[in-house]
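The values are calculated or read from the model by the stated rules, or taken from the named source; none is laboratory data. As the structure is a prediction and not an experimental result, all values here were calculated from the model. Positions of Cβ are backbone-derived with ideal geometry, glycine not excepted, and every protein chain shown enters the neighbour counts.
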Amino acid sequence: MKPSKLRRQITLVAARLIYEQQESKFFRARNQAARIVSKTRVRALDLPTNEEIRAEVRSLVAKTALVNHEDTPSAPWNQVLADKPPVTDRFRIYRSLLLPLEDVQQSPRSHPEGDALYHSLQVYDLAREHVAYDEEFLLAALLHDVGKAIDSRDHVNTGLKALGETITERTAWFIGHHPDAQALRNGSLGVRAKRRLQESEDYDELILLEKLDREGRRSGVFVPDVDEALEYIQSLEESFES
């Protein structure tokens, strides 16, 4: 499938998801559409921008209005069309939480790669190889251990508290349930907790995150630095908003 055709198909599916109120956020609709349209990894440059999806939603609204002879259609997705994401300093916050991880030395038995920052960058780099277009998943891979520099005894909840509202609910879900995925793998997760995880639409991605966390423990491999990783993730956001 040619990139232009792939991009167009993802745009159409994402717009339909918004229009039918199956999704309310452009980035969620885009990511789900990419998974529906292509069974392989989709490059960031093959993904539509928010404006492309927004234009297609407007087209669907206009067609519906014409068929129903309505001058001003009213529905929740009209509000989505007007939404503008807030501008924040969140990437500065991510950087300030990541850099101290370089001083967090981990057990050489479970983490032969060394410090927590090197591990986090390995996991991020592996995640980018699998789903280069999923900003929420990439952030979860990069930030899943930031709490270790604050309170290693409860690094998951500590990290989530420090990140606060700078991350989406989906990214927080990945980070918060990462220990559950580990428990699922070693057989210590309860039946009910296992069922709840499996019912999530992001279950497969959570299992992937746990797998990448195990793989990101190698010594001597090349990884991008913190600024390179953050600049790439920020470029995804900017390309989708342009």
Exercise for review: Please work out which residue is modelled with the lowest pLDDT, limiting yourself to the range 105-128 and to residues that are buried (at least 17 other Cβ atoms within 10 Å of the Cβ) and either among the hydroxyl-bearing types (Ser, Thr, Tyr) or within 12 Å of the chain's Cα centre (by Cα) (or both).
Suggested key: Tyr118
Point to revise | the range 7-36 residues that are on the phi > 0 side of the Ramachandran plot, paired with ones that are surrounded by fewer than 18 Cβ atoms within 10 Å (Cβ to Cβ) and not in a helix (DSSP H, G or I) (beta carbon under 8 Å, 6 or more apart) | key: Gln21/Ala75
Review point. Taking the range 190-230 as the region of interest, how many residues are over 16 Å from Ser120 (Cβ atoms), free of Cβ contacts under 8 Å to residues at least 24 places away in the same chain and part of a helix (DSSP H, G or I)?
Key: 10
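Here is a yes/no grid of residues against (1) within 13 Å of the chain's Cα centre (by Cα); (2) within 28 Å of Ser24 (Cβ to Cβ):
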site: His130; (1), (2): yes, yes
site: Tyr133; (1), (2): yes, yes
site: Trp173; (1), (2): yes, yes
site: Ala183; (1), (2): no, no
site: Arg195; (1), (2): no, yes
site: Gln198; (1), (2): no, yes
site: Leu209; (1), (2): yes, yes
site: Gly216; (1), (2): no, no
site: Val221; (1), (2): no, no
Study note, to complete from the structure: For the range 143-155, the count of residues that are aliphatic (A, V, I, L, M) and surrounded by fewer than 24 Cβ atoms within 10 Å (Cβ to Cβ) equals 2
